[in-house]
Amino acid sequence: REDCGDRGATLLLPRDRDELEFLNETLQKHTRHFWIGLWVPAAGMGWMWVNGSCLDWDRFQLDLEERPGLCGTIRGSTIIPDNCDLDSQWVSQREATKL
């Protein structure tokens, strides 16, 4: 998260399963995990995006364990819960700007 912030970006906040599919095709690394901006910040809070919004379960149709200390990774076109302390690559995003 810090690296993305240093670059004027945030961890990826995919909007729906279609965006995950597009990302999967773009990365072409079906066996690797990439951090995205999804986590369980505290007990009882559930899955949240790093921007403070709640995960919209209808857009992703996921069955994720909700335990503090879990962060979202993508592998292929699926979001997988993983321990936030694990080393992994990440995907950052930033708003497009007009030139």
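Ignoring ligands, DNA and RNA, please state the percent of accessible area on the chain from carbon and sulfur, probe 1.4 Å. It would help to have the intermediate numbers written out before the result.
Numbers: 3090 of 6700 Å².
Answer for the chain is 46 percent, counting heavy atoms of protein chains only.
Pulled fully out, how much extra length does the chain show between Ser88 and Trp57, if you take 0.36 nm times their separation in residues and subtract their Cα-Cα distance? Write down the numbers at each step before the final one.
Working: separation 31, 0.36 × 31 = 11.16 nm, distance 2.45 nm.
Between Ser88 and Trp57, full extension yields 8.7 nm more.
How long is the gain from Ala96 to Ala42 if the chain were fully straight, where each residue apart is worth 0.36 nm and the alpha carbon distance is subtracted?
16.3 nm
Output needed: Cys residues of the chain lacking any neighbouring Cys C-beta below 4.7 Å, sorted by number.
Taking the Cβ cut-off of 4.7 Å, the unpaired cysteines of the chain are Cys4, Cys54.
Rg and Dmax of region 5-93, using alpha carbons, in Å: what are they?
For region 5-93, the Cα radius of gyration and maximum Cα-Cα distance read 12.3, 35 Å.
The values are calculated or read from the model by the stated rules, or taken from the named source; none is laboratory data. Treat the numbers as computed from the prediction; the structure is a model and nothing was measured. Counting neighbours? That spans all protein chains shown, and the Cβs are built from the backbone with ideal geometry, glycine included. Ligands, DNA and RNA are excluded from the accessible area calculation, which covers all protein heavy atoms including side chains. Shrake-Rupley method; radii C 1.70, N 1.55, O 1.52, S 1.80 Å.
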